[in-house]
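Have a look at the structure below, then the notes.
Throughout, read-outs are computed from the coordinates displayed, never taken from laboratory work. Note that the structure is a prediction, hence the values are computed from the model and not measured. Here the Cβ is made from the backbone with ideal geometry for all residues, glycine too, and neighbour counts use every protein chain on show.
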Amino acid sequence: VVKCLEHCGQHTGAKDEGMAGKVVAVVNRSEVVGRPLAAMLANDGATVYSIDIDSIYVMERGRMTRTDVTPDDAIKAADVVVLGVPSPQYKLPVSTLKKGAVVVNVSGFKNLGDAQDGDDADYTYIPLVGRVTVACLERNLLTLYKQYHVGKISLRYRLAEEVSKLGDVLGDEASATKRHYVLAGLGVAL
């Protein structure tokens, strides 16, 4: 979600201040997406309204307090609206959006209603964020693999080359046997 917000200019990418001065409404305070995302954006400097079925909380820099703001007022004030309601029946009316708002849909269902005649539909809609999340996770996994394993693999082969050179220098059968066991111990196929 943060990568999408960076791409559309809502998040600067700066640590702890990337969302300074922004108002965000996160609809659905789930343990998997809503609550952690609201906390992360609040820690990045945003004022976050965490909207759920029975209550609304305001999150700012690690503090979460209940508020009397209505869901409509919170969404109308939001520069960014994150929708994560796991139901095809929930549709946020476009008319409740602030002009120029960015709407990020993290749900598997489209949670944003269609614009009606007369709606001032000036917003940016980002659907299917789950696919972007999966792509970012795969990228991070490959980076982690390269950082952890590739260095070890290249070190293993460099050691194997050195052991092989040592055996070539000594040239006797005993060193060839030792070389075989050292290479096998390094996990190099012989």
Inset, instruction - Pop out the Kirkwood hydrodynamic radius of the range 1-132 from its pairwise C-alpha distances, inverse of mean 1/r, in Å to one decimal. - result: 14.5
Legend entry - Packing-based order for 73-80, 8-15, 90-97, using average beta carbon neighbours within 10 Å, highest first: 73-80, 90-97, 8-15
Legend entry - the range 12-85, relative contact order in percent, only Cα pairs under 8 angstrom and at least six apart counted: 35
Legend entry - Local electrostatic count, Asn140, Cβ distance below 14 Å [Lys/Arg +1, Asp/Glu -1]: +2
Inset, instruction - Could you please report the charge total around Asp52, scoring K, R as +1 and D, E as -1 over all other residues with beta-carbon less than 12 angstrom from its beta-carbon? - result: +1
Legend entry - Stokes-Einstein D (µm²/s) once Rh is taken as the Kirkwood radius of the range 69-151 over alpha-carbon pairs, at 20 °C in 1.002 mPa s: 147
